[in-house]
1. Going through segment 1-23 one residue at a time, which ones are surrounded by fewer than 15 Cβ atoms within 10 Å (Cβ to Cβ), in a helix (DSSP H, G or I) and small (G, A, S)?
2. Across segment 1-16, what is the number of residues that are in contact with a Lys or Arg (Cβ under 9 Å, 6 or more places away or on another chain) and either hydrophobic (A, V, I, L, M, F, W, C) or more than 16 Å from A47 (Cβ to Cβ) (or both)?
3. May I ask you to list the residues in segment 24-51 that are within 19 Å of V11 (Cβ to Cβ) and open to solvent by 100 Å² or more (accessible area, probe 1.4 Å)?
Amino acid sequence: MSGDEKGKSKVDQAKGKVKETAGRAVGNERLEAEGRAEQAKGDARQAKEKIKDVFKD
């Protein structure tokens, strides 16, 4: 997995977790949903890079 893409996926996951937690804490469902979506984006990016690594060898 390229370092740049791996870093981006981790950033997306972390930002999403923060948003989700903040949304839950203040009762903001939209912010909570945005956080879950951002985490999913990071998960998808990470999965894509892992698949690319498998076929690279």
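1. G3, G7, A14, A22
2. So the answer is 1.
3. R36, K41, K48, K50
The values are calculated or read from the model by the stated rules, or taken from the named source; none is laboratory data. Everything numeric in this text was worked out from a predicted model, so none of it was measured. Positions of Cβ are backbone-derived with ideal geometry, glycine not excepted, and every protein chain shown enters the neighbour counts. Calculation scope for accessible area: heavy atoms of the full protein, side chains included, ligands and nucleic acids excluded. Shrake-Rupley method; radii C 1.70, N 1.55, O 1.52, S 1.80 Å.
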